[in-house]
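Here's the structure, in structure tokens; my notes come after.
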Amino acid sequence: MPVVDISASAEEFDADPYAFYERMRAAAPVHQIVLNADEIQPSWMIVGHEEARRALNHPALSKDWRSSGNFPDAQLNAVNSNMLESDPPHHTRLRRLVAREFTARRMEGMRTRVQQITDELLDAMAARPERGGDLIDALAFPLPMTVICELLGVPDLDRARFRHWSNEIVAPTSGASNSTAHQELGIYLAELIEAKAKEPGEDLLSALIRTSDEDGDSLSCDEVIGMAFLLLVAGHETTVNLISNGVRALLAHPGQLAALREDFDGLLDGAVEEMLRYDGPVQHTTYRYARESLELGGATIPAEATVLVSLAGADRDPARFADPEVFDIGRAPQGHLAFGHGLHFCIGAPLARMEGRIAIRSLLERFPGLAEDPAAGPPAWLPGTLMHGVSRLPLRW
């Protein structure tokens, strides 16, 4: 089977990755693939839904790049001491300690504050004399950024820097910028955690510093930095695109938008799940590393291979979803992989869902005339293959 070279069609892929995934799935559920022109050898990408579910929880696929042998000269940073880049039993220990503080009760306790932040942002939008602007700047970015910063206890004045660092980490303009962003964010978090250890508050970061389980185990300083990094970057970048991609999908399907406006109580939860399935914020997982040779979807993935699971490709698989290219907010929502599956299922999924539901409903209720800006020009797609979305979303309201 030929290697799929996406690097040769980067702009086309950024605009519509689903056409690529559809062609790949039609041929096979597992492929060798080149994402970047500077890659030394192809990776393996899984685009079939059933195969993706298996891969996301497969014991032969490791998330710990440090033990894979693929990066002998890599420089270790404290931000890498997180759950996403670890395997059991270390992952099990980290998740247990974090879960003690990252509880559904704590997340649910933020509902009133999420609504308040949303309403304040919508007030500012309504006050604009031009009655329009970039929805990402006005709502989709500041809402999750404010929520995650308040949750972690990050000072207000540092949020502009966080936006730059986070953007460069998930959609880097160059390899050097990605590395610099990791280093600068790690230094900032180390200083913040040192300050909070001396003067703790009621925030999640202070709680992570002092948490321990029954046998006295607690997170090390590097582990707290790693968890703060993961929660901060994953906790806002994904929700930015959930909101903006969801609004784009609704505006592109006026019948679905009208149905939702008629029955928020009955359709909103399913609508957000369909937004996640139809055009979720994360296209594919970060790398997994084959500890040994494994068979998956009729392909033999060799030991030491790097593997990507295409969440976006799996969630458009016709073997799992009828008419997967159709955006249908009445669809039974179970089964999408936008938050992953298995050991590494997103711990922040309840918070992301809450923010998405509040943001979408409040926006549509406040602005019944919400529409695309006819003078906006072509979409500005995010670069890279990790995230899918736009960097700006000009609308009229």
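Can you give the local net charge around Leu208? Use residues other than it whose beta-carbon is closer than 14 angstrom to its beta-carbon, Lys and Arg +1, Asp and Glu -1. Kindly include the intermediate steps, with their values, before the conclusion.
Values: positive: Arg93, Arg95, Arg96, Arg100, Arg106, Lys196, Arg210; negative: Glu101, Glu194, Glu202, Asp203, Asp213, Asp217, Asp222, Glu223.
Summing Lys and Arg as +1 and Asp and Glu as -1 gives -1.
Starting from the Cα gyration tensor of the range 10-53, take the square roots of the eigenvalues, sort them a ≥ b ≥ c, and report rounded, prolate or oblate (rounded when a/c is under 1.5, otherwise prolate if a/b is larger than b/c, else oblate).
Details: a/c = 2.35, a/b = 1.23, b/c = 1.91.
Oblate shape, in that a/c is at least 1.5 and b/c is the bigger or equal ratio.
In debye, nearest 20, what is the charge dipole magnitude of the range 182-267 about its Cα centre with +1 on Lys and Arg Cβ and -1 on Asp and Glu Cβ, if you could check?
Values: 5 positive and 16 negative charges, 113 e Å.
Roughly 540 debye, rounded to the nearest 20.
Report the net charge of residues surrounding Gln41, where surrounding means a beta-carbon distance below 14 angstrom and charges are Lys +1, Arg +1, Asp -1, Glu -1. Present the calculation step by step, with values, prior to reporting the outcome.
Numbers: positive: none; negative: Asp5, Asp38, Glu39, Glu304.
Result for the local shell: -4.
Using modelled amide H (1.01 Å from N, peptide plane; none on Pro or chain starts), what sits under 5 Å from the amide H of Met387, excluding residues fewer than 5 places away?
Placed amide hydrogens put Gln283 under 5 Å from Met387.
Rounded to whole Å and sorted largest first, list the principal axis extents of the Cα atoms in the range 9-160.
52, 41, 33
May I ask you to derive the relative contact order of the chain, considering only C-alpha pairs under 8 Å and at least 6 residues apart, and to give it as an integer percent? Don't skip to the end; give the middle numbers.
On the way: 606 pairs, mean separation 105.5, N = 397.
Worked out over the chain, it gives 27 percent.
Among His341, Thr306, Gly356, pick out the residue whose Cα is farthest towards the positive end of the charge dipole of the range 303-357, where Lys and Arg carry +1 and Asp and Glu carry -1 on C-beta, about the Cα centre.
The residue sitting farthest along the positive end of the dipole is Gly356.
Where the only charges are on Cβ atoms (+1 Lys, Arg; -1 Asp, Glu), what is the dipole of the range 1-160 about its Cα centre, to the nearest 20 debye? Please list the in-between numbers first.
Details: 17 positive and 25 negative charges, 216 e Å.
In total the dipole reaches around 1040 debye.
Where the only charges are on Cβ atoms (+1 Lys, Arg; -1 Asp, Glu), what is the dipole of the chain about its Cα centre, to the nearest 20 debye?
Details: 36 positive and 58 negative charges, 101 e Å.
In total the dipole reaches around 480 debye.
I'd like the distance between the alpha-carbon centres of the range 229-280 and the range 164-220, rounded to an integer number of Å.
Centre-to-centre (Cα) distance: 28 Å.
For the range 99-195, what does the relative contact order come out to in percent, with C-alpha contacts under 8 Å and a separation of six or more? If you can, show how the numbers build up before the last one.
Numbers: 34 pairs, mean separation 16.2, N = 97.
Result for the range 99-195 is 17 percent.
Please state the relative contact order of the range 27-172 as a whole percent: Cα pairs under 8 Å, 6+ residues apart? Can you show the working numbers first?
Working: 63 pairs, mean separation 15.4, N = 146.
Value for the range 27-172: 11 percent.
Using a 1.4 angstrom probe with every protein chain in place, what is the largest-first accessible-area order of Tyr278, Tyr21?
Working: Tyr278 35, Tyr21 0 Å².
Ranked from most to least accessible, the order is Tyr278, Tyr21.
Ordered by residue, what ³J(HN,Hα) values in Hz, to whole numbers, does the range 293-303 give under the Karplus form 6.51 cos²θ - 1.76 cosθ + 1.60, where θ = phi - 60° and Gly and Pro are x?
5, 9, 9, 8, x, x, 10, 9, 8, x, 4
Going from most exposed to least, what order do Glu101, Glu273, Glu325 have by accessible area with a 1.4 Å probe? Mind dumping the intermediate values first?
On the way: Glu101 40, Glu273 15, Glu325 75 Å².
Ranked from most to least accessible, the order is Glu325, Glu101, Glu273.
Which percent of the Cα-Cα distances in the chain go past 35 Å? Kindly include the intermediate steps, with their values, before the conclusion.
On the way: 20047 of 78606 pairs.
Within the chain, distances greater than 35 Å cover 26 percent of Cα pairs.
Placing +1 on the Cβ of each Lys and Arg and -1 on the Cβ of each Asp and Glu in the range 1-118, which of Thr112, Phe13, Ser62 has its Cα farthest towards the positive end of the resulting dipole?
Toward the positive end, the furthest listed residue is Thr112.
Can you work out the accessible area per residue across the range 286-397, with the rest of the protein chains kept in place, probe 1.4 Å, in square angstrom?
Values: 4630 Å² over 112 residues.
In whole numbers, the range 286-397 has 41 Å² accessible per residue.
Can you pull the percent of the range 122-257's accessible area that's carbon plus sulfur, 1.4 Å probe, other chains left in place?
Ligands and nucleic acids excluded, carbon and sulfur give 54 percent.
The values are calculated or read from the model by the stated rules, or taken from the named source; none is laboratory data. Remember, it's a predicted structure, so these values are computed and weren't measured experimentally. Every residue, glycine among them, receives a Cβ derived from its backbone with ideal geometry; neighbour counts consider all protein chains shown. Accessible surface areas use protein heavy atoms only, side chains included; no ligands, DNA or RNA. Shrake-Rupley method; radii C 1.70, N 1.55, O 1.52, S 1.80 Å.
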